[in-house]
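The values are calculated or read from the model by the stated rules, or taken from the named source; none is laboratory data. The structure presented is a predicted model; accordingly, all values stated were derived computationally and were not measured. Cβ atoms come from the backbone with ideal geometry, glycine included; neighbour counts cover every protein chain shown. Ligands, DNA and RNA are excluded from the accessible area calculation, which covers all protein heavy atoms including side chains. Shrake-Rupley method; radii C 1.70, N 1.55, O 1.52, S 1.80 Å.
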Amino acid sequence: MPLNTTSIQQLPDEPTEQEQYLHLINLMPEKVTKADADGKVFYFNQSWVDFTGVSKEDLVREGWSKWIHPEDEEETEKSWLDAVRSGNKFEMEVRVLDQMGEYYWHMSRARPIADKDGKIIQWIGITTIIQDQIEEKEQLERVVKRRTKMLDKTIKELKSINLELTDTKEKLESDYARSLIEASLDPLITIST
């Protein structure tokens, strides 16, 4: 059976380490980005292209924020700029737009890369889809909320039953005490010794 080479990516006869590295990054299911020291993204891997349906060049030109959910965009941009200014890691859950117009939750992380003098020269980012985990978390939260309501209802019912039992006990004790008093006052009742 002949080998189908249409889906095989070809490397040059003698690939450089950089070409091998880029080839590996493009095979990853995670969305990988590279940014300069100022936080300007200049590289998107093939997973970004496959997810958004947009070329690498268009992704670089239009910027990543176009693909972030409008409700997440301001906070994401602020957190990214804070990370770039401070040199601290960036990590955030964001919704990213796919080529079909649907948003999916992702965990986006970026770390600075420094030169030998400690000066940040670029950022490497990895964005991983976490939609299933978010949906499972939301489902679990709904189950916990429903069970909490059921427990609250059961607790109220038990408190009501406990109150009724306490009232009944007090009434029985009162009735018993009254009957003892009445019996001791009745001259016809004798106590044997």
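The number of residues in the stretch 109-133 that are open to solvent by 50 Å² or more (accessible area, probe 1.4 Å), closer than 19 Å to LYS66 by Cβ and among the polar types (S, T, N, Q) comes to 0.
The single condition from (1) assigned to a helix (DSSP H, G or I); (2) in contact with a His (Cβ under 6 Å, 6 or more places away or on another chain) that THR127 fails is (1). Consider the stretch 1-40 and keep the residues that are more than 30 Å from ASN88 (Cβ to Cβ) and surrounded by 10 or more Cβ atoms within 10 Å (Cβ to Cβ). The one that is modelled with the lowest pLDDT is LEU11.
Condition check: open to solvent by 100 Å² or more (accessible area, probe 1.4 Å) and over 30 Å from ARG85 (Cα atoms). Does LYS137 satisfy that? The answer is yes for LYS137. Tell me, which residue of the stretch 55-108 that is among the aliphatic types (A, V, I, L, M) and out of contact with any helix residue (DSSP H, G or I) (no Cβ under 7 Å at 6 or more places or on another chain) is most open to solvent (accessible area, probe 1.4 Å)? The extreme case among them is MET100. Scanning the stretch 33-59 for residues that are out of contact with any strand residue (DSSP E or B) (no Cβ under 6 Å at 6 or more places or on another chain) and part of a helix (DSSP H, G or I) yields GLN46, VAL49, ASP50, PHE51, THR52, GLU57, ASP58.
Applying a threshold of 9 Å to beta carbon distances and a minimum spacing of six or more residues, or different chains, the list of pairs starting in the stretch 117-146 at a residue that is more than 30 Å from ALA37 (Cβ to Cβ) and ending at one that is open to solvent by less than 40 Å² (accessible area, probe 1.4 Å) reads GLN131/HIS106; GLN133/MET107.
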